[in-house]
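Okay, structure first, notes after.
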Amino acid sequence: MANVHLKKGWHLPDRAATPEHVFYNRRQFLATMGFTAAGTAGLLYGNAQAATGRSLQDTITGLRPLDAERNPAFKVDSPLTPAAVAGKYNNFYEFSRHKDDVWVLAEKLTTEPWSLEVSGLVAKPRTFDVNELIRAMPLEERVYRFRCVEAWSMVVPWVGFPFRELLKAVAPTSQAKYVKMTTFMRPAEAPRQGLKPWFGPGEPWPFTEGLTMAEAMNELTLICVGLYGQILPKQHGAPIRVIAPWKYGYKSIKSIVKIELTAQQPPTFWNILGPSEYGFVSNVNPKVPHPRWSQAFERDIGTRERKPTLLYNGYEAYVGNLYKA
Ligand code: MTE
């Protein structure tokens, strides 16, 4: 891919801009959070939100202007999808099966306070207050292509931190092979979770997804807390979601409350509903059609252009080695 470079300079600007005493305070903050210096050295090079008392919105604003120069590794050759288009075309089945009303219906979701449990095959299981977790993590802004299994796509500037920083903080054991992720379960706020099926077992709420440990540790995999320079809006999965840009969009689970490290491949929402249509791996691949439609092309929801789909959504340089036999 001509537009993917492996230059990894994105920590440097924040580090260079952070005075010594702020790092010192930040170390203290991380220590009180229970992060050890050895396990989370990368955290020290992130934003200085925790030490300075800056609000999350100020920190996110501070990541701008858009990172084309600061973060060239993830430059994308297509134009950004307008925020208003992406924000009114959402899949969030807890609220609706339609894309155009999720942004209204998801307003019912209470996102404050919010806890994230990280448990299973880890030496240091933790339940984080999400605001404190976000303050301790090195936020950055990355523009990624995003490809839904339904053959539409968009280009979005996400704000988040690498999934692997969170994993390092809980010290996975050597038995951990998979990451199981779970969305909230609140039928009073998300009405489709309370629907009684006409027949059969119905939808397997809460929504779950999974990655291998190697996929979760890959540098592309982000835990997102914002987009377009703003705190993550509810329709996009506030307050905390995953983005794995080389996989079909349903792997990018929204509004997560639990991450469990497991030895066995976990069951997942769409795989339970349609195992022959929605596999566990679900990498974007133009040569592997969905049983009911081709995956060779996609429609960009911003430009409305029909364009060829790229293997691993254009991220082969980063993830191709994960899938070599
Ligand atoms: N996460 C949950 N909890 N529930 C969902 O229905 N839909 C997935 C994914 N994450 C979904 C989810 C699908 S199919 C897609 S394409 C993306 O979210 C859409 O993300 P967006 O609305 O932010 O564009």
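Residues whose amide H lies under 5 Å from that of GLN295, counting only those 5 or more places away or on a different chain, are HIS290; hydrogens are built 1.01 Å from N in the peptide plane.
Charge dipole (Cα centre; +1 on Lys/Arg Cβ, -1 on Asp/Glu Cβ; no other charges) of the range 198-325 amounts to roughly 280 debye.
Classify the range 156-275 as rounded, prolate or oblate from the Cα gyration tensor: take a ≥ b ≥ c as the square roots of its eigenvalues, call it rounded if a/c is under 1.5, otherwise prolate when a/b beats b/c and oblate if not. It is oblate, given that a/c is not under 1.5 and a/b is not larger than b/c. Evaluated with a Cβ-only charge set (Lys, Arg +1; Asp, Glu -1), the range 117-180 carries a dipole of roughly 280 debye about its Cα centre, given to the nearest 20. Using a probe of 1.4 angstrom, how much of the accessible area of the range 48-323 is carbon and sulfur, in percent? Percent of accessible area from carbon and sulfur atoms in the range 48-323: 57. PHE297 sits with roughly 90 Å² accessible to a 1.4 Å probe, with DNA, RNA and ligands left out of the calculation.
Considering only TYR178, PRO191, GLY274, and ranking their Cα positions along the charge dipole of the range 48-323 that arises from unit charges at the beta-carbon of Lys, Arg, Asp and Glu, the one farthest toward the positive end is GLY274.
Leaving out ligands and nucleic acids, note down the accessible area per residue over the range 48-323 with a 1.4 angstrom probe, in whole Å².
On the way: 11270 Å² over 276 residues.
Solvent-accessible surface per residue comes out at 41 Å².
Close amide-amide hydrogen proximity is noted between LEU139 and ASN47, each under 5 Å apart and 5 or more residues distant or on a separate chain (H modeled in the peptide plane; Pro and chain starts excluded). Projection of the Cα convex hull of the range 48-323, averaged over all directions and equal to a quarter of that hull's surface, yields 14.5 nm². In the assembled protein chains, TRP103 presents an accessible area of approximately 100 Å² (probe radius 1.4 Å). With 0.36 nm allotted per residue and the present C-alpha distance subtracted, the VAL281-THR303 stretch has 5.1 nm of extension available.
Across the range 294-301, rounded Karplus estimates of 3J(HN,Hα) from the backbone phi angles (6.51 cos²θ - 1.76 cosθ + 1.60, θ = phi - 60°) give 6, 10, 6, 10, 9, 10, 6, 6 Hz, Gly and Pro being marked x.
Think of each Lys and Arg Cβ as +1 and each Asp and Glu Cβ as -1; about the Cα centre, that makes the dipole of the range 48-323 roughly 320 debye. Figure note: GLU298, GLU117 ranked by solvent-accessible area, largest first, 1.4 Å probe, ligands and nucleic acids not counted: GLU117, GLU298.
Label-to-label distance for SER174 and LEU80 is 4.6 nm, based on points extended 7 Å past Cα in the beta-carbon direction. In this structure, ALA214 and SER115 have a Cβ-Cβ separation that, at R0 = 22 Å, corresponds to a calculated FRET efficiency of about 0.25.
The values are calculated or read from the model by the stated rules, or taken from the named source; none is laboratory data. Model, not experiment: these values are computed from the prediction. We place every Cβ from the backbone using ideal geometry, glycine too, and count neighbours over all the protein chains shown. Each accessible area value is taken on the protein alone, full model and side chains, heavy atoms only, with ligands, DNA and RNA left out. Shrake-Rupley method; radii C 1.70, N 1.55, O 1.52, S 1.80 Å.
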